[in-house]
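Enquirer: Please read through the structure below; I'll follow up with questions.
The values are calculated or read from the model by the stated rules, or taken from the named source; none is laboratory data. Source: prediction; values computed, not measured. A quick note on method: Cβ atoms are made from the backbone with ideal geometry, for glycine too, and the neighbour counts reach across all protein chains shown. These accessible areas exclude ligands, DNA and RNA; they are computed on the full protein's heavy atoms, side chains included. Shrake-Rupley method; radii C 1.70, N 1.55, O 1.52, S 1.80 Å.
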Amino acid sequence: MFYREAGDFKTSYVDDQQTFPIRFDRWGVRVLLLVAFLVVPFLINDYWEKSILIPFLVWSLAALGLNILTGYCGLVSLGTGGFMAVGAYASYKIMTAFPEVNIFFVILLSGGVTALVGILFGLPSLRIKGFYLAVATLAAQFFLIWLFNKAPWFYNYSASGQITVPERSVFGIVVTGPEAASWATYLFCLVFVVLFAFVARNLTRGRLGRSWMAIRDMDIAAEIIGVPPLQAKLSAFAVSSFYIGLAGALFFSVYLGAIEPTEAFNIDKSFLVLFMIIIGGLGSIFGSFVGAAFMVLLPVLFKNIMVGGFGWPTDMVQHFIFVLVGGLIMFFLIVEPHGLAQLWRVTKEKLRLWPFPH
Amino acid sequence: MENRVTEEPTPEAAVTERAERSANADVLLDLRNISLSFGGVKALSNISFDILTGEIRAIIGPNGAGKSSMLNVINGFYHPQEGEIWFDGKLRGPMKPYQIARQGIARTFQNIALFRGMSTLDNLMTGRITHMHAGIFWQALWKGRAEREELAHRERVERIIDFLEIQSIRKTPVGRLPYGLQKRVELGRALAADSKLLLLDEPMAGMNIEEKEDMCRFILDVHDQFGTTIALIEHDMSVVMDIADRVVVLDYGKKIGDGYPDEIRSNQDVIDAYLGVAHD
Amino acid sequence: MSPVVLNTIEVILNGLMTGVMYSLVALGFVLIFKASGIFNYAQGVLALFAALTLVGFQTGQVPFAHVINATFGTDYHHWGEGMNTVLAILLTMAVMVLLAWLVERLVLRHLVNQEPIILFMATIGLAFFLEGLGDLMWGANIKVLDVGLPSGGSFWWEDVTRTWAAEGTEYWGMYIDVLDVWAAGIAVVLVVVLTLFSQYTETGRALRAVADDHQAALTVGISLRTIWVVVWSIAGFVALVAGIMWGAKSGVQFSLSLIALKALPVLILGGFTSIPGAIVGGLIIGVGEKLFEFAIGPMIGGATENWFAYVLALFFLMFRPQGLFGERIIERV
């Protein structure tokens with residue numbers, strides 16, 4: 001009743017191939033974008049920026065990236081943290097070596113660099129599948145982090161081994177460094193997220209996306225009907241790493257400002273992003289956002305309840321969240337492998353018929 | 001070409017028949033002395049036969065005769081240790097299966113190999129992948145060539161959907177479809193490739209009479225309407241004898257018969273292979 | 001012999017000892033993989049959990065004590081002096097069996113016929129669950145595990161090896177930890193026991209049948225569910241042994257589950273279905289990373305042990321995806 005698609009007929013294939021074929025959805029998304037761009041920047045404060053909105057946006061990008069690889073192409077990676085580090089260090093190196101380059105392009109270039117590294121580590125995927133590949137990506141995780149720790153060139157020989165972001169601005173508005181305003185960093189990240197969510201949607205519904213899904217669903221048959229496996233898998237690695245690189249670059253330059261690789265990009269980050277897409281929904285753009293929101297909000301929520309309410313120490317809450325998330329992962333894999341995104345679809349179908357059961 | 005055909009050790013009658021035919025029609029696929037083995041196991045030994053443009057060629061034989069291996073050789077999934085494959089007048093070098101698909105060979109599988117997570121429409125669109133060439137940049141923006149391409153191929157695919165009468169399941173994930181419909185979608189995916197040669201691996205396996213009749217109808221219609229050359233494996237003899245132009249019979253990886261359906265019907269080797277023969 | 005050669009030998013010996021530890025964890029992986037096709041990521045955490053539980057029983061900790069204290073403001077710590085080590089080990093074993101049963105009942109049973117990669121991700125979930133649970137139950141502080149095994153350097157071996165050095169060179173003998181030697185011995189015993197068990201007992205035969213062919217095993221009346229519980233219990237037992245060894249060596253702490261991650265490259269080398277493979281793979285990785293660190297490490301900044309195993313596995317995967325002892329994979333349509 002509230003949510004209708006009846007009467008919403010399509011008279012051309014162009015109409016039928018839209019991103020949001022249902023009128024109601026189209027309006028919903030427009031309103032959401034308007035609020036995100038025009039309302040939120042006026043309301044945002046430091047707390048919302050640092051603990052909810054920026055992490056959500058950055059992790060959404062990372063989740064989109066991993067979802068392209070794992071959800072669409074069926075290749076599991078445990079190297080997300082390592083690839084984010086590549087993005088972060090690439091942005092640092094570009095920023096310090098070419099100070100005149102606009103930060104917007106710095107971030108894009110960092111994604112490009114990460115894509116190349118991703119292709120390199122994706123090469124084994126031609127011969128190996130499933131958890132074998134997962135182990136291979138662990139090599140990326142551990143090796144890359146070690147490299148950024150041990151090779152002084154990457155941190156410009158700084159004594160602490162840390163990298164710190166220089167101040168950069170877009171249209172005269174500072175977006176990195178301690179002077180950046182909350183609304184500026186938020187909008188900067190939001191532009192990337194919206195832009196690349198749109199790109200991800202287009203890529204996944206076209207030829208490339210279909211060849212990824214074909215490889216995921218039945219790789220041998222895919223090759224026999226004409227999907228080149230090399231091209232499909234490596235392009236998935238490249239695109240996925242590009243997104244993860246963007247996320248890493250934003251994570252460093254806009255969110256944290258200063259990092260030390262072993263802490264910022266350890267293997268827990270890889271798992272965090274994997275959990276986002278499992279809980280949000282494998283093979284769903286929308287699911288990547290839901291998963292990121294869920295995993296960002298969950299600790300915030302429980303810290304507020306348990307530390308504030310029960311007086312638990314923070315590390316205990318952390319362990320409790322481990323139990324909870326681990327349990328949820330198993331729950332979702334058993335009950336709804338397509339995650340919250342699928343639950344949402346089911347709810348929509350119910351809503352369409354409400355209040356009648358059939 | 002003529003010489004080679006007459007040299008083959010086939011029954012006399014068939015040789016003359018074939019010589020006549022090949023004078024009129026082009027040979028689309030020519031397999032010469034194909035041998036394939038896995039480790040010590042010989043799956044195919046010294047098999048030669050050809051497929052003419054525009055015909056329906058059946059490959060039959062008892063279980064384990066090497067029929068599916070034969071198809072796998074044709075579309076390049078297995079590489080025979082010996083023998084030559086001539087497709088469309090050219091000798092085929094070492095190639096990957098997807099390159100062979102691009103040359104114009106499409107197929108269906110014995111155990112349905114659809115992309116279960118994708119809709120019927122997307123499965124069929126994937127079948128057209130060898131015809132799509134838009135670069136990643138335009139795909140990312142969904143503009144220009146990418147968009148035009150999607151629309152053009154969508155139209156082509158919709159024609160196949162109409163032809164196979166599967167309009168109502170266009171957007172259904174194929175994993176949810178019943179077996180018979182899945183078989184039909186798989187045929188559709190192979191058709192979408194607009195291939196020169198269509199390989200069908202037991203298209204009617206596991207179907208009831210009605211579904212079989214439907215499938216026969218589709219195969220014959222495809223053949224008539226699109227003029228596609230078809231090679232098919234089938235167990236149901238009555239079906240084979242009805243729809244095939246020519247039949248090749250394999251047993252234990254060897255060719256034991258090759259010719260028109262009525263020749264095969266009366267071929268003593270074939271009868272022995274199917275009914276068993278008394279050993280002393 | 002010159003000190004360089006002797007040092008190299010010492011590195012190799014220590015690598016072998018570390019390798020034994022890796023093998024112990026890898027063994028648990030192989031057992032579960034063979035019987036259920038599940039790549040159990042949680043095996044390392046299982047070792048951590050077992051060790052935590054063992055220490056808890058030994059020292060008489062109250063489970064969830066600090067959770068209860070934090071919530072209700074009470075002050076529970078220990079219920080007594082703790083218990084005898086043997087009894088604690090037996091009780092821990094019982095906990096591991098219970099855990100195996102719960103895992104089968106609550107998770108595996110509902111994931112039958114899922115793709116291996118889904119099962120793999122489910123065990124990652126299980127790993128996080130157990131890690132959090134272990135810390136909530138017993139506290140996250142680093143614990144000392146002492147089951148009465150001797151430890152420390154062997155003086156005898158130092159004296160023996162000192163005489164090997166060439167005349168006139170300065171060499172002070174090789175260091176080898178007695179605990180490591182014990183661990184190696186126990187690992188050997190464990191493998192022998194497991195082999196005997198799978199060869200000569202009815203359950204063992206059933207296990208092998210299931211490993212060979214699930215369907216066929218079902219048709220002759222073997223209960224898959226029982227087998228899974230058994231196999232997870234055995235894996236729990238192996239995890240307990242590994243946990244004891246690691247714990248006695250470097251304390252019971254979170255890093256245990258990270259070290260256990262190294263069992264994954266071990267499996268890539270050894271093949272997922274081969275027990276000898278797990279052992280040889282463990283030894284190769286153990287020796288390989290120690291030698292690499294010894295020979296190349298100083299040149300490139302050290303700490304290469306963090307990644308050497310994985311990169312080695314990566315190269316291995318490129319050239320021999322089925323591992324050293326695995327069977328060649330033939331793909332079919």
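Enquirer: Which condition breaks for A:Phe332 when tested against (1) modelled with pLDDT of 90 or more; (2) surrounded by 24 or more Cβ atoms within 10 Å (Cβ to Cβ)?
Expert: Failing condition for A:Phe332: (1).
Enquirer: Are any of the residues in segment C:51-72 away from every other protein chain (no Cβ under 14 Å), among the aliphatic types (A, V, I, L, M) and under 19 Å from C:Val280 (Cα atoms)?
Expert: no
Enquirer: On to the next question. What are the residues in segment B:121-148 that are assigned to a helix (DSSP H, G or I), farther than 30 Å from B:Leu220 by Cβ and either of a type in the set (S, T, N, Q) or open to solvent by less than 20 Å² (accessible area, probe 1.4 Å) (or both), if any?
Expert: Across segment B:121-148, the qualifying residues are B:Gln139, B:Ala140, B:Ala146.
Enquirer: I would also like to ask the following. For a quick check of your reading: which helices (runs of 4 or more DSSP H) sit entirely within segment A:196-299 and have at least 2 residues that are of a type in the set (D, E, K, R) and buried (at least 21 other Cβ atoms within 10 Å of the Cβ)?
Expert: So the answer is A:207-217.
Enquirer: While we're looking at this one, here's another question. Looking at (1) within 9 Å of chain C (Cβ to nearest Cβ); (2) more than 23 Å from the chain's Cα centre (by Cα), can you tell me which one A:Phe142 breaks?
Expert: Condition (2) is where A:Phe142 drops out.
Enquirer: Same structure again: Mind checking which pairs have a first residue in segment C:88-112 that is within 14 Å of chain A (Cβ to nearest Cβ) and among the acidic types (Asp, Glu) and a second that is in a helix (DSSP H, G or I) and open to solvent by 50 Å² or more (accessible area, probe 1.4 Å), Cβ under 7 Å, 6 or more apart or different chains?
Expert: C:Glu104/C:Arg225
Enquirer: Which helices (runs of 4 or more DSSP H) does segment B:163-280 wholly contain that include 1 or more residues that are touching an Asp or Glu at 6+ places or on another chain (Cβ under 9 Å), touching a residue at least 12 places away in the same chain (Cβ under 8 Å) and open to solvent by 30 Å² or more (accessible area, probe 1.4 Å)?
Expert: Counting at least 1 such residues, we get B:179-192, B:209-226, B:261-266, B:268-275.
Enquirer: Looking only at segment C:296-314, how many residues end up being farther than 18 Å from A:Gly82 by Cα and either in contact (Cβ under 8 Å) with a residue 40 or more places away in the chain or facing another protein chain (nearest Cβ under 9 Å) (or both)?
Expert: Within segment C:296-314, residues that are farther than 18 Å from A:Gly82 by Cα and either in contact (Cβ under 8 Å) with a residue 40 or more places away in the chain or facing another protein chain (nearest Cβ under 9 Å) (or both) number 3.
Enquirer: Do you know which residues across segment C:135-172 are of a type outside the set (Ser, Thr, Tyr) and in contact with a strand residue (DSSP E or B) (Cβ under 9 Å, 6 or more places away or on another chain)?
Expert: Listed by number, the residues that qualify are C:Met137, C:Trp138, C:Gly139, C:Ile142, C:Lys143, C:Val144, C:Leu145, C:Gly152, C:Gly153.
Enquirer: Name the single residue that is farthest from A:Ala85 (Cα to Cα) among those in segment A:153-168 being open to solvent by less than 50 Å² (accessible area, probe 1.4 Å) and either within 26 Å of the chain's Cα centre (by Cα) or within 14 Å of another protein chain (Cβ to nearest Cβ) (or both).
Expert: Ranking the candidates gives A:Arg168 first.
Enquirer: What pairs come out if I take residues in segment B:137-151 that are free of Cβ contacts under 8 Å to residues at least 60 places away in the same chain and polar (S, T, N, Q) and pair them with residues that are surrounded by 14 or more Cβ atoms within 10 Å (Cβ to Cβ) and outside any helix (DSSP H, G or I) whose C-beta lies under 6 Å away, six or more apart or interchain?
Expert: Hits for this filter: B:Gln139/A:Gly206.
Enquirer: Right, something else. Please work out which residue is nearest to C:Asn7 (Cα to Cα), limiting yourself to segment C:156-183 and to residues that are open to solvent by 80 Å² or more (accessible area, probe 1.4 Å) and in a helix (DSSP H, G or I).
Expert: Ranking the qualifying residues of segment C:156-183, first place goes to C:Arg162.
Enquirer: Sort out which residues of segment A:308-349 are more than 10 Å from every other protein chain (Cβ to nearest Cβ) and of a type in the set (Val, Ile, Thr), and write them in order of number.
Expert: Those that are more than 10 Å from every other protein chain (Cβ to nearest Cβ) and of a type in the set (Val, Ile, Thr): A:Thr314, A:Val346, A:Thr347.
Enquirer: Has segment C:61-72 got at least one residue that is closer than 23 Å to C:Met21 by Cα and open to solvent by 30 Å² or more (accessible area, probe 1.4 Å)?
Expert: No: segment C:61-72 contains no residue that is closer than 23 Å to C:Met21 by Cα and open to solvent by 30 Å² or more (accessible area, probe 1.4 Å).
So that you can scan it fast, the table gives a plain yes or no per residue for (1) under 21 Å from B:Pro173 (Cα atoms); (2) among the aromatic types (Phe, Trp, Tyr); (3) touching a residue at least 12 places away in the same chain (Cβ under 8 Å); (4) at the interface with chain B (Cβ under 7 Å from one of its Cβ atoms):
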{"position": "A:Val193", "(1), (2), (3), (4)": "no, no, yes, no"}
{"position": "A:Phe196", "(1), (2), (3), (4)": "no, yes, yes, no"}
{"position": "A:Val199", "(1), (2), (3), (4)": "no, no, no, yes"}
{"position": "A:Arg205", "(1), (2), (3), (4)": "yes, no, yes, no"}
{"position": "A:Glu223", "(1), (2), (3), (4)": "yes, no, no, yes"}
{"position": "A:Ala236", "(1), (2), (3), (4)": "no, no, yes, no"}
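Enquirer: Say whether the condition of being more than 9 Å from every other protein chain (Cβ to nearest Cβ) and open to solvent by 50 Å² or more (accessible area, probe 1.4 Å) is met by at least one residue in segment A:86-97.
Expert: The answer is yes, given that some residue of segment A:86-97 is more than 9 Å from every other protein chain (Cβ to nearest Cβ) and open to solvent by 50 Å² or more (accessible area, probe 1.4 Å).
Enquirer: Is at least one residue of segment A:129-142 in contact (Cβ under 8 Å) with a residue 60 or more places away in the chain, over 30 Å from A:Arg30 (Cβ atoms) and part of a loop (DSSP other than H, G, I, E, B)?
Expert: The answer is yes, given that some residue of segment A:129-142 is in contact (Cβ under 8 Å) with a residue 60 or more places away in the chain, over 30 Å from A:Arg30 (Cβ atoms) and part of a loop (DSSP other than H, G, I, E, B).
Enquirer: For segment B:38-100, which strands (runs of 3 or more DSSP E) that fit wholly inside it have 2 or more residues that are in contact (Cβ under 8 Å) with a residue 24 or more places away in the chain and over 19 Å from B:Glu202 (Cα atoms)?
Expert: Result: B:41-52, B:82-87.
Enquirer: Shifting gears a bit: Which count do you get for residues in segment A:181-195 that are open to solvent by 20 Å² or more (accessible area, probe 1.4 Å) and either part of a strand (DSSP E or B) or among the aliphatic types (A, V, I, L, M) (or both)?
Expert: Residues in segment A:181-195 being open to solvent by 20 Å² or more (accessible area, probe 1.4 Å) and either part of a strand (DSSP E or B) or among the aliphatic types (A, V, I, L, M) (or both): 5 in total.
Enquirer: Still on this model: Return the only residue of C:Phe129, C:Phe120 being within 14 Å of chain A (Cβ to nearest Cβ), under 26 Å from C:Ser255 (Cα atoms) and in contact with a Gly (Cβ under 6 Å, 6 or more places away or on another chain).
Expert: Sole residue among the options that is within 14 Å of chain A (Cβ to nearest Cβ), under 26 Å from C:Ser255 (Cα atoms) and in contact with a Gly (Cβ under 6 Å, 6 or more places away or on another chain): C:Phe129.
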